[in-house]
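Undergrad: The structure is given below, and queries will be raised subsequently.
The values are calculated or read from the model by the stated rules, or taken from the named source; none is laboratory data. Keep in mind that this is a model prediction, so the values were computed, not measured. Glycine also receives a Cβ, built like all others from the backbone with ideal geometry; neighbour counts cover every protein chain displayed.
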């Protein structure tokens, strides 16, 4: 079971319930170490004294505020002592309609759980009352020497805590983006066509349908480099739509959206197609073509265009496995 990242008391009015704060999300980002090219020697970041060049132990580091002439030193314990409520209280100051909070204010999500079975009834009472009222409780608390503004919400039988940005942290878009369009005139037929395209592309929200393809490709790159192989390069970014052709592009987009959509299951199994003829290959995406080329161990497949992949697959039988050129020899980890 996970351990709480913060423990304290959640209060509303005169009612209090001891709670723990639990991380609700997990990152699946692939983490790389920094290495020197060709030697694979690890490059590490160190805490170094700027004057002497010597490494400083973590317990010897304090915080310092630069006034311009000197540093004002502050010990971690001093920050803890000035924290509101000694950083252990989270008081709900009011309840708001969650729809009234602009999405730009939301930062991270946590789970809130009662600290012990004896606090379950008060916890459940608050969860049920907030769920029926469709309201979120607004509170502030201190964690790890930072004060947070949060929205406490009831959902799916538990309380969740969403950290919010402070109002002065939100940047004004017109101050940040010099290229925002003014009151440009758009044609009614263009707006109607764009609305039709949006409607044609409407889907039901299912988060399970989406996954981090970049991390998958990064993992495939690592695996391929271990085997001395190359990987498929991504398609180039789409070119900007010419304003002159906007109506025609919208029209074609609507037609394509209303047409039959091929899924991977519909295209399937590219690997099971036995004929391998050009007509069969023309029906496949570049990703499917690349999979066939990888199975056939074609050299140079990562640099081929879709047309080149079709030509190579239609004309050549699978050849011997060949490896890409490497800039540096593989170095074993030490």
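Undergrad: Quick test of your reading of the structure: residue 329 fulfils all but one of (1) within 30 Å of residue 30 (Cα to Cα); (2) modelled with pLDDT under 70; (3) within 32 Å of the chain's Cα centre (by Cα). Name the failing condition by number.
TA: (3)
Undergrad: Determine, yes or no, whether residue 197 is at pLDDT 75 or above and under 20 Å from residue 313 (Cβ atoms).
TA: Criteria not met by residue 197.
Undergrad: I would also like to ask the following. Please find, among 185, 189, the residue that is at pLDDT 80 or above, farther than 29 Å from residue 104 by Cα and outside the structural domain of residue 257 (by TED's automatic domain parsing).
TA: Among 185, 189, only 189 is at pLDDT 80 or above, farther than 29 Å from residue 104 by Cα and outside the structural domain of residue 257 (by TED's automatic domain parsing).
Conditions tested, residue by residue: (1) in contact (Cβ under 8 Å) with a residue 40 or more places away in the chain; (2) assigned to a helix (DSSP H, G or I); (3) in contact with a strand residue (DSSP E or B) (Cβ under 6 Å, 6 or more places away or on another chain).
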| residue | (1), (2), (3) |
| --- | --- |
| 168 | no, yes, no |
| 175 | no, yes, no |
| 190 | yes, yes, no |
| 228 | yes, no, no |
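Undergrad: Oh, and also: Looking at region 144-158, I want the residues that are at negative phi and have a partner that is assigned to a loop (DSSP other than H, G, I, E, B) and surrounded by fewer than 21 Cβ atoms within 10 Å (Cβ to Cβ) with Cβ atoms under 8 Å, at least 6 apart or on another chain. Which pairs are those?
TA: Short answer, once both residue conditions are applied: 147/83; 149/165; 149/166; 151/101.
Undergrad: Is it true that residue 197 is in a helix (DSSP H, G or I), more than 22 Å from the chain's Cα centre (by Cα), farther than 30 Å from residue 22 by Cβ and outside the structural domain of residue 20 (by TED's automatic domain parsing)?
TA: Judged against the criteria, residue 197 is a match.
Undergrad: Now, a different point. Got a sec? Which of 292, 246, 281 is at pLDDT 50 or above, surrounded by 14 or more Cβ atoms within 10 Å (Cβ to Cβ) and either within 27 Å of residue 203 (Cβ to Cβ) or touching a strand residue (DSSP E or B) at 6+ places or on another chain (Cβ under 8 Å) (or both)?
TA: Among 292, 246, 281, only 246 is at pLDDT 50 or above, surrounded by 14 or more Cβ atoms within 10 Å (Cβ to Cβ) and either within 27 Å of residue 203 (Cβ to Cβ) or touching a strand residue (DSSP E or B) at 6+ places or on another chain (Cβ under 8 Å) (or both).
Undergrad: Sticking with this one: Of everything in region 35-53, what is surrounded by 10 or more Cβ atoms within 10 Å (Cβ to Cβ) and under 26 Å from residue 79 (Cβ atoms)? Give them in sequence order.
TA: Result: 47, 48, 49.
Undergrad: Out of all the residues in region 110-124, which are in contact (Cβ under 8 Å) with a residue 24 or more places away in the chain and loosely packed, with under 15 Cβ neighbours inside 10 Å?
TA: Of everything in region 110-124, just one residue is in contact (Cβ under 8 Å) with a residue 24 or more places away in the chain and loosely packed, with under 15 Cβ neighbours inside 10 Å, namely 116.
Undergrad: Still on this structure: Answer yes if at least one residue in region 61-83 is surrounded by 10 or more Cβ atoms within 10 Å (Cβ to Cβ), in contact with a helix residue (DSSP H, G or I) (Cβ under 8 Å, 6 or more places away or on another chain), outside any loop (DSSP other than H, G, I, E, B) and in contact (Cβ under 8 Å) with a residue 40 or more places away in the chain, and no otherwise.
TA: yes
Undergrad: All but one of (1) under 29 Å from the mean Cα position of the chain (by Cα); (2) over 30 Å from residue 138 (Cα atoms) hold for residue 41; which doesn't?
TA: (1)
Undergrad: Here is a check on your reading of the model: is residue 203 surrounded by fewer than 10 Cβ atoms within 10 Å (Cβ to Cβ), over 30 Å from residue 22 (Cα atoms) and under 26 Å from the mean Cα position of the chain (by Cα)?
TA: So residue 203 fits the description; yes.
Undergrad: All but one of (1) under 25 Å from residue 8 (Cβ atoms); (2) in the same structural domain as residue 20 (by TED's automatic domain parsing); (3) over 26 Å from the mean Cα position of the chain (by Cα) hold for residue 132, so report the exception by its number.
TA: (1)
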